[in-house]
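No lab work stands behind these numbers, since they all come straight from the coordinates. Just so it is clear, the model here is predicted, and its values are computed rather than measured. Positions of Cβ are backbone-derived with ideal geometry, glycine not excepted, and every protein chain shown enters the neighbour counts.
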Amino acid sequence: MAASKLVRPTNTFKDSFMEALIEYQSEGSYGHVSIAELNTDFDAFIDKLRDERQYPQHDFQDWVDPVPETVLWMVKDGTYYGSVYIRHRLNWHLEKWGGHASFSIRPSLRGKGFGKKILQKAMPYINYLGIDRALLTVDPENIAAIRIIEFCGGKFEDELPETDEFPARKRYWLNCE
Ligand SMILES: CC(C)(COP(=O)(O)OP(=O)(O)OC[C@H]1O[C@@H](n2cnc3c(N)ncnc32)[C@H](O)[C@@H]1OP(=O)(O)O)[C@@H](O)C(=O)NCCC(=O)NCCS
């Protein structure tokens, strides 16, 4: 068994990514990605991801300052396990909701320690992009993500209450130097 690693998205992992996408969509995430479109032209999707296309991808586009975003996939034994999204800087929106980085593990592979691994492995990449201290924001109810951030050394900053525009978020600073 090979160790897990982070790679730039590539069509090598198309089959397992498509399986994971169905899992993500059944839990209500990745709604902006069309399975039909990806089945037709997966390479175009990969090109967009590798182009460090801007955050946000869809939501809030009309009023949020776009920010370059690097997407990495965690893979192991030729299979897609999860994604990490690294924003190269903060904007007004990301300071409150989103932060420098977010991560996900495909639902069928959760609870096996890969969430801890993906953030640990992302830290040198975050630093490589010029970010010494990364802001991570998390739903206060998301116990698994909070454990991962704290395991990686994240220092609690504050908790922002829910507003009309944003859900509540705990904010942490992660030293990636
Ligand atoms: C958050 C997420 C990445 C966790 O992935 P994972 O692979 O299950 O995480 P791990 O197996 O490494 O578990 C990390 C810790 O959380 C705990 N945990 C896992 N699932 C849990 C759950 N449902 N409830 C409570 N704790 C949980 C684990 O026991 C572990 O704790 P430990 O410190 O005692 O070992 C995954 O649930 C996910 O992709 N969620 C959707 C996206 C998301 O919320 N991203 C984070 C926002 S930045």
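Just name one of PHE45, MET18, ILE148: the one whose Cα is farthest towards the positive end of the charge dipole of region 1-152 (beta-carbon charges, Lys/Arg +1, Asp/Glu -1).
So the residue furthest toward the plus end is ILE148.
Using 21 Å as the Cα-Cα cut-off, could you pick out the over-long pairs in LYS14/LYS48; LYS116/LYS155; LYS48/LYS155?
Correct reply: LYS48/LYS155.
For the pair ASP41/ARG147, report the inter-label distance in nm, with labels modelled 7 Å from Cα in the Cβ direction.
About 4.3 nm, to one decimal.
Setting aside same-chain residues fewer than 8 positions from LYS5, which aspartates and glutamates have a Cα under 12 Å from its Cα?
Within the straight-line limit of under 12 Å, LYS5 reaches these aspartates and glutamates: ASP77.
About its Cα centre, how strong a charge dipole does the chain have in debye, to the nearest 20, once Lys and Arg get +1 and Asp and Glu get -1 at the Cβ?
The dipole of the chain has a size of about 920 debye.
Please work out the ratio of the alpha-carbon Rg of the chain to 2.2 N^0.38 Å and round it to two decimals.
With N residues counted in the chain, Rg over 2.2 N^0.38 Å equals 1.00.
Ignoring everything except DSSP H segments at least 4 long, calculate the 222 nm mean residue ellipticity for the chain; use -39,500 (n - 2.57) per segment, divide by total residues, nearest 500.
Dividing the helical sum by the residues of the chain leaves -9500 deg cm²/dmol.
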